Amino acid sequence: MKPCLHRSALAAALLAGSALAAPSAEPSPPDLAALANGIVHVADAPSPGLPGKAFTAWTLVSAPVPRLCALVQDYAAYASYMPNTKSALAVGGGEGYVLVDMTLALPLGQEKKYRLRLEQQQPESAQCKLAWRLVPAGLAAADTIADTTGYWLFTPVSGDNGKTLVEYHVYADPGPVPFGFGWIVDMMSKRSLPRTLEALRAQAGK
């Protein structure tokens, strides 16, 4: 029998939007069979009226939800395995959220810095969701990005103990991009999504 999500968990995954989720129409998750053998599925998430681009990616990881939820909240470790991440430093927070200063190292010596507000949420009792949005950090426009929001959503797979459906959604608007550097948009979103999920999978396997 193929593993499947409980109806309630699947419904939560489909309705995973929140105040911190990217402002876009979220695509439906693929059938779990399409994610066999480590496949990462990426879909456009249209964001009408917004200048940036949004995408959602899914994959299956052989690790339990608590393990993956803890990994994505270990911000200091991001630089050791997350693609293009030079540093991630927690700089403050409050009830239910943390502020993290991110620095991305892009090709040709390009760097982008920005501050995220991240909140852990629990759409269903067995799930874990980490959502983020950009917050002002007093950075020059040339050194930062215009906007980003998104989330990680981890849902246990029923009938397959220890396996998790990973959903990763990101909206990114890099702001003004110098002529010839249009690839920055893809580096921050669609092109990086499969590598990010593969990096998480590898980290979870250690």
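Mind checking which residues of the stretch 29-41 are surrounded by fewer than 18 Cβ atoms within 10 Å (Cβ to Cβ) and either in a helix (DSSP H, G or I) or of a type in the set (A, V, I, L, M) (or both)?
Matches in the stretch 29-41: Ala33, Ala34, Ala36, Asn37, Gly38, Ile39.
Pick out, from the stretch 46-110, the strands (runs of 3 or more DSSP E) lying fully within it that include 1 or more residues that are farther than 30 Å from Pro176 by Cα.
53-61, 85-94
Have a look at Leu68, Leu60 and point out the one that is buried (at least 18 other Cβ atoms within 10 Å of the Cβ), closer than 18 Å to Gln122 by Cβ and of a type in the set (A, V, I, L, M). Steps first, answer last, please.
On the way: Leu60 fails: closer than 18 Å to Gln122 by Cβ.
From the options Leu68, Leu60, the qualifying one is Leu68.
Please verify whether Gln127 is out of contact with any helix residue (DSSP H, G or I) (no Cβ under 8 Å at 6 or more places or on another chain) and under 22 Å from Glu26 (Cα atoms), treating the condition exactly as stated.
No; evaluated as a whole, the condition is false for this residue.
Which pairs do you get when a residue that is acidic (Asp, Glu), found in the stretch 134-148, comes within reach of a residue that is outside any loop (DSSP other than H, G, I, E, B), reach meaning Cβ atoms under 6 angstrom, with the pair 6+ apart or on two chains?
From the stretch 134-148, the pairs are Asp143/Lys113; Asp147/Leu134; Asp147/Asp173.
In the stretch 114-139, what residues are within 16 Å of His169 (Cα to Cα) and aliphatic (A, V, I, L, M)?
If the condition is that a residue be within 16 Å of His169 (Cα to Cα) and aliphatic (A, V, I, L, M), then Leu116, Leu118, Leu130, Ala131, Leu134 are the ones that fit.
In the list Val135, Val166, which residue meets the criterion of being over 15 Å from the mean Cα position of the chain (by Cα) and at pLDDT 95 or above?
Working: Val166 fails: over 15 Å from the mean Cα position of the chain (by Cα).
Within the list Val135, Val166, the selection yields Val135.
For the stretch 78-114, name all the residues that are surrounded by 14 or more Cβ atoms within 10 Å (Cβ to Cβ), farther than 17 Å from Ala131 by Cβ and free of Cβ contacts under 8 Å to residues at least 40 places away in the same chain.
Those that are surrounded by 14 or more Cβ atoms within 10 Å (Cβ to Cβ), farther than 17 Å from Ala131 by Cβ and free of Cβ contacts under 8 Å to residues at least 40 places away in the same chain: Ala79, Thr85, Lys86, Ser87, Leu89, Asp101, Thr103, Ala105, Lys113.
The values are calculated or read from the model by the stated rules, or taken from the named source; none is laboratory data. These numbers were taken from a predicted model, which means no experiment stands behind them. As a convention, Cβ positions derive from the backbone with ideal geometry for all residues, glycine included, and neighbour counts pool all protein chains shown.
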